[in-house]
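What follows is a single structure, written as structure tokens, with notes after it.
FYI, it's all coordinate maths here, none of it is from the lab. As the structure is a computational prediction, the values presented were derived from the model and not from experiment. Cβ atoms come from the backbone with ideal geometry, glycine included; neighbour counts cover every protein chain shown.
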Amino acid sequence: MSGPPPPDWTNVQAPSIVDLDRMAQAAFAALPEEFRRLCEGVLIKVEDFPDDATLDELKCESEFGLLGLFRGRGRAQSGATPPTGQFPNMVWLYRRPILDFWAEHEETLGAIVSHVLVHEIGHHFGLSDDDMQMIEQTAG
């Protein structure tokens, strides 16, 4: 066989929550400016798994069934002035389900993180799958 030697995974650990957060922040920064403007003020949070209330609310059969989630109000649902007491828009990325998905597919971890981030924000703002694919390609 020719080509570069395979990577040495002997001493590599799975990315931590902090590692995945850094990847998500970098993926967000790489998105087109117009898309990032839609998301002004959105917070990105990384947790190992969704909490039980979220799993119950979304009727997930497994804690591994949800890679990410948008919580908040999209532009279509927001008025000119946010209601008092409204929480900021947040995107949750779930580390363990993302890592599990990564292990089962032939995509890079960075591509998966970017995809989940774009789709969670994009679906909430009413973007089509084609729109989101174009955003991902522009960022990639």
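Under a Cβ-only charge scheme (Lys and Arg +1, Asp and Glu -1), can you give me the dipole magnitude of the chain about the Cα centre, in debye to the nearest 20?
580 debye
When P(r) over Cα pairs in 10 Å bins from 0, in percent is computed from the coordinates, the matching label among (1) 13, 46, 34, 6, 0; (2) 11, 38, 34, 13, 4, 1, 0; (3) 11, 27, 16, 14, 16, 11, 4, 0 is (2). Using the rule -39500 (n - 2.57) for each DSSP H run of four or more residues, divided by the residues of the chain, the 222 nm mean residue ellipticity is -13000 deg cm²/dmol.
Computed from Cα positions, the angle between helix 17-29 and the longest principal axis of the chain comes to roughly 70 degrees. The magnitude of the dipole of segment 1-55, with charges of +1 and -1 set on the Cβ of Lys/Arg and Asp/Glu and taken from the Cα centre, is near 240 debye. Packing here is the average count of other Cβ atoms within 10 Å per residue, and on that basis the peptides 95-102, 126-133, 14-21, 56-63, highest first, run 95-102, 14-21, 126-133, 56-63.
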